[in-house]
(Lines give C-alpha, C1' and ligand atoms only; values in the text may rest on other atoms or scores of the structure.)
Protein backbone atom coordinates (compact mmCIF):
# COMPACT_ATOMS: atom_id res chain seq x y z
CA UNK A 1 0.00 0.00 0.00
CA UNK A 2 1.43 3.36 -0.94
CA UNK A 3 0.44 6.55 0.91
CA UNK A 4 -0.82 9.62 -0.87
CA UNK A 5 1.13 12.85 -0.69
CA UNK A 6 -0.36 16.27 -0.28
CA UNK A 7 -1.96 16.44 3.17
CA UNK A 8 -0.61 18.44 6.07
CA UNK A 9 1.61 16.11 7.89
CA UNK A 10 3.98 16.10 10.70
CA UNK A 11 4.82 18.41 13.44
CA UNK A 12 7.18 20.32 11.17
CA UNK A 13 5.19 21.42 8.15
CA UNK A 14 3.20 20.18 5.20
CA UNK A 15 3.69 18.13 2.08
CA UNK A 16 3.20 19.42 -1.44
CA UNK A 17 1.91 17.34 -4.36
CA UNK A 18 5.41 16.52 -5.63
CA UNK A 19 6.86 15.34 -2.32
CA UNK A 20 6.59 12.14 -0.33
CA UNK A 21 3.98 12.12 2.44
CA UNK A 22 5.47 12.51 5.90
CA UNK A 23 5.21 9.66 8.38
CA UNK A 24 2.74 11.68 10.44
CA UNK A 25 0.51 12.18 7.40
CA UNK A 26 0.55 8.44 6.65
CA UNK A 27 -0.22 7.53 10.29
CA UNK A 28 -3.08 10.07 10.35
CA UNK A 29 -4.48 8.72 7.07
CA UNK A 30 -4.33 5.11 8.26
CA UNK A 31 -5.99 6.06 11.56
CA UNK A 32 -8.81 7.82 9.69
CA UNK A 33 -9.21 4.78 7.43
CA UNK A 34 -9.61 2.52 10.48
CA UNK A 35 -12.15 4.88 12.06
CA UNK A 36 -14.13 4.98 8.81
CA UNK A 37 -14.15 1.18 8.78
CA UNK A 38 -16.43 1.57 11.83
CA UNK A 39 -19.00 3.77 10.09
CA UNK A 40 -22.23 2.24 8.79
CA UNK A 41 -24.26 3.21 5.72
CA UNK A 42 -26.22 5.80 7.77
CA UNK A 43 -22.99 7.53 8.87
CA UNK A 44 -23.29 6.15 12.39
CA UNK A 45 -19.97 5.73 14.15
CA UNK A 46 -19.79 2.23 15.62
CA UNK A 47 -17.83 1.00 18.61
CA UNK A 48 -15.91 -2.25 18.57
CA UNK A 49 -19.08 -4.11 19.59
CA UNK A 50 -21.16 -2.36 16.87
CA UNK A 51 -23.03 -0.08 19.29
CA UNK A 52 -23.66 3.40 17.89
CA UNK A 53 -21.52 6.14 19.43
CA UNK A 54 -23.61 9.34 19.66
CA UNK A 55 -22.24 12.25 17.65
CA UNK A 56 -20.73 14.80 17.79
CA UNK A 57 -17.84 12.91 19.32
CA UNK A 58 -14.56 14.26 20.65
CA UNK A 59 -11.30 12.55 19.66
CA UNK A 60 -8.95 12.48 22.65
CA UNK A 61 -5.46 11.92 21.25
CA UNK A 62 -1.95 13.21 21.82
CA UNK A 63 -1.13 14.53 18.35
CA UNK A 64 0.48 17.62 16.79
CA UNK A 65 -2.00 20.29 15.67
CA UNK A 66 -1.37 19.56 11.97
CA UNK A 67 -2.19 15.86 12.47
CA UNK A 68 -5.41 16.71 14.35
CA UNK A 69 -6.37 19.13 11.56
CA UNK A 70 -5.74 16.50 8.88
CA UNK A 71 -7.77 13.84 10.71
CA UNK A 72 -10.66 16.18 11.55
CA UNK A 73 -10.83 17.48 7.97
CA UNK A 74 -10.87 13.95 6.53
CA UNK A 75 -13.54 12.72 8.97
CA UNK A 76 -15.73 15.80 8.52
CA UNK A 77 -15.58 15.31 4.73
CA UNK A 78 -16.99 11.81 5.31
CA UNK A 79 -19.91 13.17 7.32
CA UNK A 80 -18.65 12.38 10.82
CA UNK A 81 -19.69 15.04 13.34
CA UNK A 82 -16.84 15.97 15.66
CA UNK A 83 -16.73 18.08 18.82
CA UNK A 84 -14.00 20.63 19.61
CA UNK A 85 -13.96 19.72 23.30
CA UNK A 86 -14.84 16.79 25.51
CA UNK A 87 -17.30 18.70 27.70
CA UNK A 88 -20.57 16.70 27.97
CA UNK A 89 -19.66 14.76 24.84
CA UNK A 90 -18.93 11.15 24.07
CA UNK A 91 -15.18 10.68 23.68
CA UNK A 92 -13.05 8.28 21.69
CA UNK A 93 -9.56 8.06 23.14
CA UNK A 94 -6.97 6.96 20.57
CA UNK A 95 -3.51 5.64 21.43
CA UNK A 96 -0.80 4.25 19.17
CA UNK A 97 1.85 1.60 19.83
CA UNK A 98 4.15 1.99 16.81
CA UNK A 99 6.99 -0.18 15.53
CA UNK A 100 8.30 1.90 12.63
CA UNK A 101 11.40 0.86 10.71
CA UNK A 102 13.57 2.42 8.02
CA UNK A 103 15.84 0.18 5.95
CA UNK A 104 18.66 2.10 4.27
CA UNK A 105 19.42 0.83 0.77
CA UNK A 106 21.96 1.80 -1.88
CA UNK A 107 21.07 4.23 -4.60
CA UNK A 108 19.61 6.98 -2.45
CA UNK A 109 16.36 5.28 -1.45
CA UNK A 110 15.21 3.67 1.76
CA UNK A 111 12.39 1.30 2.64
CA UNK A 112 9.85 2.85 5.02
CA UNK A 113 7.75 0.52 7.15
CA UNK A 114 5.09 2.18 9.30
CA UNK A 115 3.33 -0.28 11.55
CA UNK A 116 1.23 0.36 14.63
CA UNK A 117 -1.36 -1.12 16.94
CA UNK A 118 -4.18 1.32 17.67
CA UNK A 119 -6.20 1.26 20.87
CA UNK A 120 -9.62 2.91 21.01
CA UNK A 121 -11.58 3.62 24.18
CA UNK A 122 -15.15 4.95 24.14
CA UNK A 123 -16.06 7.08 27.15
CA UNK A 124 -19.54 8.47 27.76
CA UNK A 125 -20.14 12.09 28.90
CA UNK A 126 -19.67 10.97 32.53
CA UNK A 127 -16.21 9.65 31.55
CA UNK A 128 -17.35 6.07 32.12
CA UNK A 129 -15.65 3.56 29.81
CA UNK A 130 -18.18 1.89 27.53
CA UNK A 131 -15.83 -0.36 25.57
CA UNK A 132 -12.24 -0.59 24.40
CA UNK A 133 -11.08 -2.23 21.17
CA UNK A 134 -7.99 -2.34 19.00
CA UNK A 135 -6.87 -2.45 15.39
CA UNK A 136 -3.62 -2.12 13.46
CA UNK A 137 -2.08 -0.98 10.19
CA UNK A 138 1.06 -1.78 8.19
CA UNK A 139 2.34 0.39 5.32
CA UNK A 140 5.54 -0.10 3.30
CA UNK A 141 6.97 2.16 0.59
CA UNK A 142 10.17 3.73 -0.76
CA UNK A 143 11.40 7.13 0.41
CA UNK A 144 14.50 9.20 -0.46
CA UNK A 145 17.29 8.43 2.03
CA UNK A 146 18.09 12.13 2.31
CA UNK A 147 14.59 12.84 3.66
CA UNK A 148 14.43 10.11 6.33
CA UNK A 149 14.77 12.48 9.31
CA UNK A 150 12.50 15.17 7.86
CA UNK A 151 9.73 12.68 7.07
CA UNK A 152 9.87 11.11 10.53
CA UNK A 153 9.61 14.22 12.70
CA UNK A 154 9.42 13.87 16.48
CA UNK A 155 5.86 12.63 17.13
CA UNK A 156 6.29 9.11 18.54
CA UNK A 157 3.78 7.28 16.28
CA UNK A 158 5.59 8.78 13.26
CA UNK A 159 9.27 8.56 14.17
CA UNK A 160 11.45 5.58 13.26
CA UNK A 161 12.05 3.19 16.16
CA UNK A 162 14.39 0.88 14.21
CA UNK A 163 17.04 1.73 11.63
CA UNK A 164 18.61 -1.04 9.57
CA UNK A 165 20.82 -1.42 6.52
CA UNK A 166 19.59 -3.62 3.71
CA UNK A 167 21.42 -6.94 3.40
CA UNK A 168 22.89 -5.91 0.03
CA UNK A 169 24.14 -2.63 1.45
CA UNK A 170 25.62 -4.18 4.60
CA UNK A 171 27.41 -6.95 2.63
CA UNK A 172 28.97 -4.35 0.34
CA UNK A 173 29.93 -2.24 3.34
CA UNK A 174 31.59 -5.21 5.04
CA UNK A 175 33.58 -5.96 1.87
CA UNK A 176 34.41 -2.36 0.97
CA UNK A 177 35.66 -1.14 4.36
CA UNK A 178 38.47 -3.72 4.76
CA UNK A 179 39.49 -3.22 1.11
CA UNK A 180 39.75 0.55 1.61
CA UNK A 181 41.72 0.15 4.85
CA UNK A 182 44.09 -2.40 3.26
CA UNK A 183 44.57 -0.12 0.24
CA UNK A 184 45.33 2.88 2.44
CA UNK A 185 47.90 0.93 4.48
CA UNK A 186 49.56 -0.38 1.29
CA UNK A 187 49.79 3.14 -0.18
CA UNK A 188 51.24 4.48 3.08
CA UNK A 189 53.90 1.74 3.21
CA UNK A 190 54.73 2.30 -0.47
CA UNK A 191 55.11 6.06 0.03
CA UNK A 192 57.24 5.65 3.16
CA UNK A 193 59.53 3.18 1.36
CA UNK A 194 59.93 5.52 -1.66
CA UNK A 195 60.62 8.59 0.52
CA UNK A 196 63.47 6.73 2.30
CA UNK A 197 65.01 5.56 -0.98
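Things worth noting here:
- Here is the figure for region 31-66: residues that are in a helix (DSSP H, G or I) and touching a strand residue (DSSP E or B) at 6+ places or on another chain (Cβ under 8 Å) total 5.
- Of the residues making up region 107-128, those that are under 29 Å from residue 142 (Cβ atoms), surrounded by 13 or more Cβ atoms within 10 Å (Cβ to Cβ) and in contact with a helix residue (DSSP H, G or I) (Cβ under 9 Å, 6 or more places away or on another chain) are 109, 110, 112, 114, 116, 118.
- Residue within region 93-100 that is more than 18 Å from residue 31 (Cβ to Cβ) and assigned by TED's automatic domain parsing to the domain that holds residue 49 present: no
- Set side by side, the residues 160, 137 differ, and just one is touching a helix residue (DSSP H, G or I) at 6+ places or on another chain (Cβ under 8 Å), at pLDDT 90 or above and part of a loop (DSSP other than H, G, I, E, B), which is 160.
- Flag if residue 132 is assigned by TED's automatic domain parsing to the domain that holds residue 46, surrounded by 13 or more Cβ atoms within 10 Å (Cβ to Cβ), under 13 Å from residue 26 (Cβ atoms) and at pLDDT 95 or above: no
- Test: residue in region 115-128 that is in a strand (DSSP E or B), in contact with a strand residue (DSSP E or B) (Cβ under 8 Å, 6 or more places away or on another chain), without any contact (Cβ under 8 Å) to a residue 24 or more places away in the chain and within 20 Å of residue 162 (Cα to Cα): yes
- Any hit, region 21-30, residues being outside any loop (DSSP other than H, G, I, E, B) and over 25 Å from residue 138 (Cβ atoms): no
- Of the residues making up region 59-79, those that are farther than 19 Å from residue 27 by Cα and surrounded by 18 or more Cβ atoms within 10 Å (Cβ to Cβ) number 0.
- Qualifying residue in region 152-160 (condition: in the same structural domain as residue 45 (by TED's automatic domain parsing), exposed (fewer than 15 other Cβ atoms within 10 Å of the Cβ) and touching a strand residue (DSSP E or B) at 6+ places or on another chain (Cβ under 6 Å)): no
The values are calculated or read from the model by the stated rules, or taken from the named source; none is laboratory data. From a predicted model like this one, the values you see are computed outputs, not experimental measurements. Virtual Cβ from ideal backbone geometry, glycine too; neighbours counted across all protein chains shown.
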